[in-house]
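The values are calculated or read from the model by the stated rules, or taken from the named source; none is laboratory data. None of these values were measured; they are calculated from a predicted model. So basically every Cβ, Gly included, is an ideal-geometry build from the backbone, and we count neighbours across all protein chains shown. Just the protein is used for accessible areas: all its heavy atoms, side chains included, with ligands, DNA and RNA removed. Shrake-Rupley method; radii C 1.70, N 1.55, O 1.52, S 1.80 Å.
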Amino acid sequence: MAGPPLLLGTLIFLNSVFSTCSSFQPALVLDMAQILLENYCFPENLVGMQEAIQQAINSGEILRISDPKTLATLLTSGVQGALNDPRLTISYEPNAVNGKPPARSRLSPERLMKTIRNSVKFELLENNTGYLRMDRVMGREGAEKMSLFLLDNIWNRVFQTSALILDLRYAASGDTSGIPYVVSYFFDTAQAVHIDSVYDRPTNTTQELWTLLTLPGKRYEKPKDLIILISKRTSGAAEGVAYTLKHLHQAVVVGERSAGGSMNIEKLRIGDSKFYITVPGARSINPVTGQSWEVSGVSPCVVINAKDAVDKAKSILRVRRGIPAVVQSISDAIKQFYSFTDRVPVLLQHLASTDFFSTISEEDLVAKLNHELQSATEDPRLSVKMAMDSSAIIEDPVEPSRNPVDPASRKGSVDRIVKANILPGNIGYVRFDGFAEVSLLVESRPQVIRKVLDSIGGTENLIVDLCSNTGGPSEAVPLLLSYFHDPSPPTHFYTTYSRVGNTTAEFHTLPSTIGTPYGSKKGIYILTSHYTATSAEEFSYLMQSLHRATIIGEITSGTLLHSKSFPVEGTDIVITIPVVNLIDNNGECWLGGGVVPDAIVLAEEALDRALEIIAFHPEVHSLVDCTGELVEGHYAVTDVATKIGKVLRSKWAEGMYRSVVDYESLASELTTDLHDISGDHRLHVFYSDTEPDMFEEVPKIPTAEELGYIISDLFKTEILPDNVGYLRYDMMADVETVRALGPQLLKLVWNKLVNTDTLIIDMRYNTGGYSTSIPLLCSYFFEADPVQHLYTLFDRSTATATEVTTLPWTLGRRYGPHKDIYILTSHMTGSAAEVFTRAMKDLSRATVVGEATTGGCLSSGTYQIGDSPLYASVPTQAVLSAVTGKAWSVSGFEPHVAAPAHDALITAEKIIRLRSKISSIIQRASHLVADNYAFSLTGAQVAEKLIDLAKEGQYNMINSEEELGTKLSADLTQLSGDKNLKMTYVPETSKAFLGPIHKQSPEALAELIRVSFHTDVLENNIGYLRFDTFGDFEDTAQIAELLAEHVWIKIVNTDALILDLRQGLSRLYM
């Protein structure tokens, strides 16, 4: 809609620029507009243009310019700017000959042959690569006429090649009718492919272009590669060929962006003037992109100067020729070495089916392979990289070197690896800069023990600095782990599976060591950096997974051991395959990616942060104990409370809180544990700098002035069709507030609803409030005498259980106990609103429609944990069902009828309408049984009993027609003892096919046959006929001709017939 106003604005602007020496006829602009409206291929851009121009003419705002050529230039600028189409040009041609140009004459076979020889050249390049240069795309008619010549001299030679370079760099002309003809040679013959649509504005029609199923000669199909070369000279039909094959994934396009020609451009005379306008009358619409190559041109897959395009195409083909060998080499290596043997078959199948169409370089191939391996395995250890990538080569574990013979030399080697110190506060500090071979450590144990264990043995906490440790062989890991665990009972550290030897090894605490290990009770704090790698990384991971250490510093390198790297022959590609799986004590396979510290800080800050955490950790024990005691003393569910205390203390003893580094992380860890142990999301621990409110605020009785505002805010009422009342209640007010509201609440809310036949109570937005008003609210929906037990409230703080009942007296009338009530819920419905709804549901007084409730609690206590800034929120009350005596679930409850909250009201109204008809449906079903059942006496008895069931209320809670049909069928079968006496639910969409058909239209009868009958001819000429509906004789006779034409003729000549009646239903009349 922006085009016409912009064009009009251009004309008005020019009016102020030029003098008014002479004027052109306004008809010129109107005629131009008419030509565009009738011929321009984007008519949607012209909406309102003619009206806008007419308005300008009528207002006198039309342009007056003396020079026609200047006018043509300015009109061109205005039209192109307004419609953003450079193909629209206006010219002034006083000497042009009127009339359409003569039609292009058909070329003789001799001229066609000359054209082909001049515009088509073929050459065979190295590696059996074909090079076909086409400087003009011949139209379909000419190509078909010269097909034998083209086949013998060009195409049969092209077909023999292994790959093809199609050079369209110099194709600046051609016939667009040849696009499907050329394109079809690069698709198989199995089925036609939609390649383009052409919209023609003058006829206002769209023609779909499809590949041709019949062509002279053979097709050039995948897996042969096709590279198309284009340049900025490539235009018209050649662009159509390149664009189509590119976006249908049949060719890789290389070169420069093409010219951006057009399907069809005509020069049309504007009225009787000497002005002409060129208009694109047709446009191409690609079925994949919805766009076209026109104007914008074809964007190449690989952008390069046109003169270098051939060399680039050869380079791409070299890469693509090697893809099968690369994939096979990688597949062979994975099959032989990948440590996840169960994943290998699926992975190999995935690689074999991968499409490498977009691959144009080794870098692309590496990226594609890596992506496919990761998506199939989610194993970051399995990777493909270029050889020049420093991370591509992972050295295999180095064999232990021979130990120095000289004892002094041995001691010097250990001294370079291990440094020890005692920090203030009796904190040990050990720095490992490399993991020496096990044999060296065993040989040098006396020195290690004297230097390390003897010096740190008396410390309470130990800092192990691995920030500069790039690792070493993994044989050292079990020995180091053993020094930080008690020798008895033995601890299982980890398990390894080696694909190379197909062996499994388990690693435990070493049975004996020289000297006393540091043990498992003292605190260990490991410092890491991004340099920490291989076995040092492995050691850190295992100490963390064993809950034996707190990790502080930077995420580690992610450079793992147990992998092998294999170069792919003839390429710069390297695949790295994990040959060993390390399974930790929790059964998890470590996939690397770096060890994430419990406290992430820069490496240079890690030591200071470790000292802070060491100072904090003694407090953690007491805070965990205190949390357990608070829950044991206050949580409403006593047996769960006792379990929580025991589990928390057990987890502390097992070192499960070593990952805690501050109050916030402790609060998070405790909350997770409380949820996991109890299943109660209401139990949680939180951090607060300021002391939170510990007790519930005593409700304030509103003033008379405030009462009206409270009613309008909390209550909304409406009378829906069929005398259905609607009450929305958004917060459970305190009982004293409700009593204070009593007279006004009765007048403004309750008296509007009490005379309705059915009531919908909307609790979807009610997050709770005070539970004290629940008995009063419930009382309006039950008889006054006897009082109804609603639920029992157990209060842990007072150790009392109180039965909550309805009240014997209410202000105003009660809502009849036989009237239906529907309560709407959402995931926000909680606390007191949830208890009210749950009580009504338990006592079968209401049908609940909507979403599961939130699972809130009536009362929670907030308790400070020790003297810390941590607080525990503990539910102190439990609600017991009046029906079962069991505690209600703490995770909320499911409604009778599940529906999204926004659809709950509509769903409830549908149920109300259904229930209003149930009585008449049962009456009619009873009459049908009594009047038609073969055993008349039994039929009468069944009918009477069915009506009695309805009177007893057995159908009161039906929520859908399908549920009604199921229950009726079950009751009929049970009452009669006859499994053939049943009710069938037929959806509305299927009733048309089961009702009487003798008056249906021929179209409806044909549709009935299509739905009811299914035919097929199987192997060995075996017929298959399935029909799902039996009609009466008159019905069958009426459609006999249609049956013979559409069904029987397909199977009558088979040698055998399978008749399928598994889905057959007799006709059903309701």
Can you tell me how many residues in region 332-351 are over 26 Å from the mean Cα position of the chain (by Cα), of a type outside the set (Lys, Arg) and either farther than 18 Å from Pro578 by Cα or surrounded by fewer than 17 Cβ atoms within 10 Å (Cβ to Cβ) (or both)?
5
Members of region 372-412 that are surrounded by fewer than 17 Cβ atoms within 10 Å (Cβ to Cβ), at pLDDT 55 or above and out of contact with any Gly (no Cβ under 7 Å at 6 or more places or on another chain)
Gln374, Ser375, Glu378, Met386, Ala387, Met388, Asp389
Region 858-882 residues that are farther than 16 Å from Ser668 by Cα, paired with ones that are among the charged types (D, E, K, R) (beta carbon under 6 Å, 6 or more apart):
Pro875/Arg682; Thr876/Arg796; Gln877/Asp795; Ser881/Asp842
Return the pairs, sorted by first residue and then second, in which the second residue is in a helix (DSSP H, G or I), the first residue lies in region 895-912 and is open to solvent by 60 Å² or more (accessible area, probe 1.4 Å), the beta carbons are less than 8 Å apart, and the residues are 6+ apart or on different chains.
His896/Lys841
Where a residue in region 59-72 is more than 15 Å from Ile270 (Cβ to Cβ) and modelled with pLDDT under 50 and its partner, wherever it lies, is open to solvent by less than 40 Å² (accessible area, probe 1.4 Å) and of a type in the set (A, V, I, L, M), with Cβ under 9 Å and at least six apart
Glu61/Leu8; Glu61/Leu11; Ile62/Leu11; Ile62/Val29; Ile62/Ile53; Ile62/Ala56
Go through (1) in contact (Cβ under 8 Å) with a residue 40 or more places away in the chain; (2) closer than 30 Å to Glu619 by Cβ; (3) crowded, with 17+ Cβ neighbours inside 10 Å and name the single condition Asn585 misses.
(3)
(1) under 22 Å from Ser891 (Cβ atoms); (2) in contact with a Leu (Cβ under 8 Å, 6 or more places away or on another chain): which one isn't true of Ile823, the others all being true?
(2)
Residues that are touching a residue at least 40 places away in the same chain (Cβ under 8 Å) and open to solvent by 40 Å² or more (accessible area, probe 1.4 Å), drawn from region 939-979
Asn956, Met957, Ser960, Glu961
Residue selected from region 511-562 under the condition of a type in the set (Phe, Trp, Tyr) and out of contact with any Phe, Trp or Tyr (no Cβ under 8 Å at 6 or more places or on another chain), by the criterion most open to solvent (accessible area, probe 1.4 Å)
Tyr531
Exactly one of (1) part of a strand (DSSP E or B); (2) in contact (Cβ under 8 Å) with a residue 12 or more places away in the chain is unmet by Glu123. Its number?
(2)
Quickly run through region 462-506 and pick out the residues that are in a loop (DSSP other than H, G, I, E, B), open to solvent by less than 40 Å² (accessible area, probe 1.4 Å), at pLDDT below 90 and within 27 Å of Glu605 (Cα to Cα).
Gly471, Gly472, Phe484
Which one of these is modelled with pLDDT under 95, under 21 Å from Ala908 (Cα atoms), under 39 Å from the mean Cα position of the chain (by Cα) and not basic (Lys, Arg): His827, His818?
His827
Okay, strands (runs of 3 or more DSSP E) sitting entirely in region 517-604 with 1 or more residues that are touching a Cys at 6+ places or on another chain (Cβ under 7 Å), under 19 Å from Asn461 (Cα atoms) and among the hydroxyl-bearing types (Ser, Thr, Tyr), I get 523-528
Among the residues in region 766-783, are any more than 27 Å from Ala904 (Cβ to Cβ), more than 39 Å from the chain's Cα centre (by Cα), assigned to a loop (DSSP other than H, G, I, E, B) and in contact (Cβ under 8 Å) with a residue 12 or more places away in the chain?
yes
Residues that are under 37 Å from the mean Cα position of the chain (by Cα) and either of a type in the set (Asp, Glu) or modelled with pLDDT of 95 or more (or both): list the strands (runs of 3 or more DSSP E) wholly contained in region 836-887 that include at least 2 such residues.
847-850
The lone exception for Ser891 - which of (1) open to solvent by less than 60 Å² (accessible area, probe 1.4 Å); (2) hydroxyl-bearing (Ser, Thr, Tyr); (3) closer than 30 Å to Ile761 by Cα it fails
(1)
So Ala832 ticks every box in (1) open to solvent by 40 Å² or more (accessible area, probe 1.4 Å); (2) in a helix (DSSP H, G or I); (3) in contact (Cβ under 8 Å) with a residue 60 or more places away in the chain but one. Which box is left unticked?
(1)
Could you tell me which residue of region 140-158 is farthest from the chain's Cα centre (by Cα), considering only residues that are buried (at least 19 other Cβ atoms within 10 Å of the Cβ) and small (Gly, Ala, Ser)?
Gly142
Kindly list, by first and then second residue, each pair from a residue in region 355-367 that is within 14 Å of Lys246 (Cα to Cα) to a residue that is at pLDDT 90 or above and in a loop (DSSP other than H, G, I, E, B), limited to pairs with Cβ atoms under 6 Å and residues at least 6 apart or on different chains.
Phe357/His249
Answer yes or no as to whether Ala852 is of a type in the set (Gly, Ala, Ser) and open to solvent by 30 Å² or more (accessible area, probe 1.4 Å).
yes
